[in-house]
1. Pairs needed: first member in the stretch 4-24, surrounded by 17 or more Cβ atoms within 10 Å (Cβ to Cβ); second member anywhere, at pLDDT 90 or above; C-beta distance under 6 Å; at least 6 residues apart or different chains.
2. Quick one: count up the residues across the stretch 109-152 that are without any contact (Cβ under 8 Å) to a residue 12 or more places away in the chain and among the charged types (D, E, K, R).
3. Only residues that are modelled with pLDDT under 80 and aromatic (Phe, Trp, Tyr): list them for the stretch 1-32, please.
4. Name the residues in the stretch 102-129 that are in contact with a strand residue (DSSP E or B) (Cβ under 6 Å, 6 or more places away or on another chain) and more than 21 Å from PRO75 (Cα to Cα), would you?
5. Quick check on GLY146: is it loosely packed, with under 15 Cβ neighbours inside 10 Å, of a type outside the set (Lys, Arg), at pLDDT 95 or above and touching a strand residue (DSSP E or B) at 6+ places or on another chain (Cβ under 8 Å)?
6. Given the structure, is GLU128 open to solvent by 70 Å² or more (accessible area, probe 1.4 Å), charged (D, E, K, R), modelled with pLDDT of 90 or more and touching a Ser or Thr at 6+ places or on another chain (Cβ under 7 Å)?
7. Does GLU199 qualify as being at pLDDT 95 or above and either closer than 19 Å to THR13 by Cα or charged (D, E, K, R) (or both)?
8. Which condition number does ASP43 fail, the rest of (1) modelled with pLDDT of 90 or more; (2) out of contact with any Pro (no Cβ under 6 Å at 6 or more places or on another chain); (3) closer than 29 Å to MET209 by Cα being met?
Amino acid sequence: MENTSYVALSRQTALWNRMDVVANNLANMNTDGYRAQHSLFHDYVVKAPGGEGPFDEKIAYVQDYGNWRDTRPGPVHMTGNPLDVAIEGEGFFRIDTPEGERFSRLGRFHLDNEGQIVTAQGHPVLSEAGEPFFLAPNERDVTINGDGSVSTENGLIGNIALASFEDQQKLRSVGHGLFTTDQDPQPVDTPNLVQGGLEGSNVKPLQEMTNMIEVQRAFEATQQMIEREDQRLSKAIETITKTR
């Protein structure tokens with residue numbers, strides 16, 4: 001008799017986790033370079049207690065087993081900062097960090113005290129040669145072309161390296177817009193960069209608000225079912241007790 005409550009509780013747990021994902025999407029709807037995430041669910045089927053034959057009753061619980069990332073690019077908004085760079089199309093910037101090479105869609109760069117082009121956390125942006133970009137103290141005019149070439153008033157200093165991956169769902173977020181993966185990065189044949197712009201979040205606020213309302217209503221409906229089942233069990237126990 002407890003199976004109904006267990007199934008309902010498994011659904012509530014899955015809905016709670018989905019609400020966390022939706023809330024995180026809404027919290028990052030204005031975070032540049034953020035990619036929305038969505039929950040994955042499937043049935044977890046087991047035999048009913050006491051069932052031993054091949055045609056015995058089965059119980060299907062709800063199980064969430066991970067999230068998938070929306071890989072569609074976000075809209076590009078212009079900032080006017082010459083070291084802000086947006087990627088239109090595929091690819092990730094290659095970033096050198098103390099923990100190893102990482103990858104990012106967030107192109108909010110600046111010059112550090114040594115003249116390196118770095119991320120907001122101070123990690124160097126890598127060129128196709130696998131080296132950081134250095135500007136001389138007297139260089140001021142930085143031009144980043146659509147093909148990734150970087151030049152100053154003194155000429156070309158390198159090309160920004162972009163990496164692509166066979167399966168973007170295997171990229172793992174490590175914070176600050178950075179990702180890591182066990183996959184081997186592949187070069188992007190035809191880069192398309194926009195100087196003075198940043199890629200915004202691809203979260204759709206109205207859709208996420210709708211998802212939040214749906215999850216809340218489903219959670220409340222499941223809670224009501226649990227309460228009705230509890231009342232039914234209580235009445236059944238009371239009736240059995242009175243007949244003895």
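The values are calculated or read from the model by the stated rules, or taken from the named source; none is laboratory data. Worth saying up front: this structure is predicted, and the values here are computed from it rather than measured. Here Cβ is always computed from backbone atoms with ideal geometry, including for glycine, and neighbour counts include all displayed protein chains. To get the accessible areas, we keep the full protein, side chains included, count just its heavy atoms, and leave off ligands, DNA and RNA. Shrake-Rupley method; radii C 1.70, N 1.55, O 1.52, S 1.80 Å.
1. Qualifying pairs under 6 Å: VAL21/GLN37; VAL22/GLU208; VAL22/ASN211; VAL22/MET212.
2. 1
3. TYR6
4. Hits for the stretch 102-129 are ARG102, ASP112, GLY115, GLN116, ILE117, VAL118, HIS123, PRO124, VAL125, LEU126, SER127, GLU128.
5. Considered against the rule, which asks whether it is loosely packed, with under 15 Cβ neighbours inside 10 Å, of a type outside the set (Lys, Arg), at pLDDT 95 or above and touching a strand residue (DSSP E or B) at 6+ places or on another chain (Cβ under 8 Å), GLY146 comes out as yes.
6. Answer is no for this residue.
7. Here the answer is yes, as GLU199 does meet what is asked.
8. (1)
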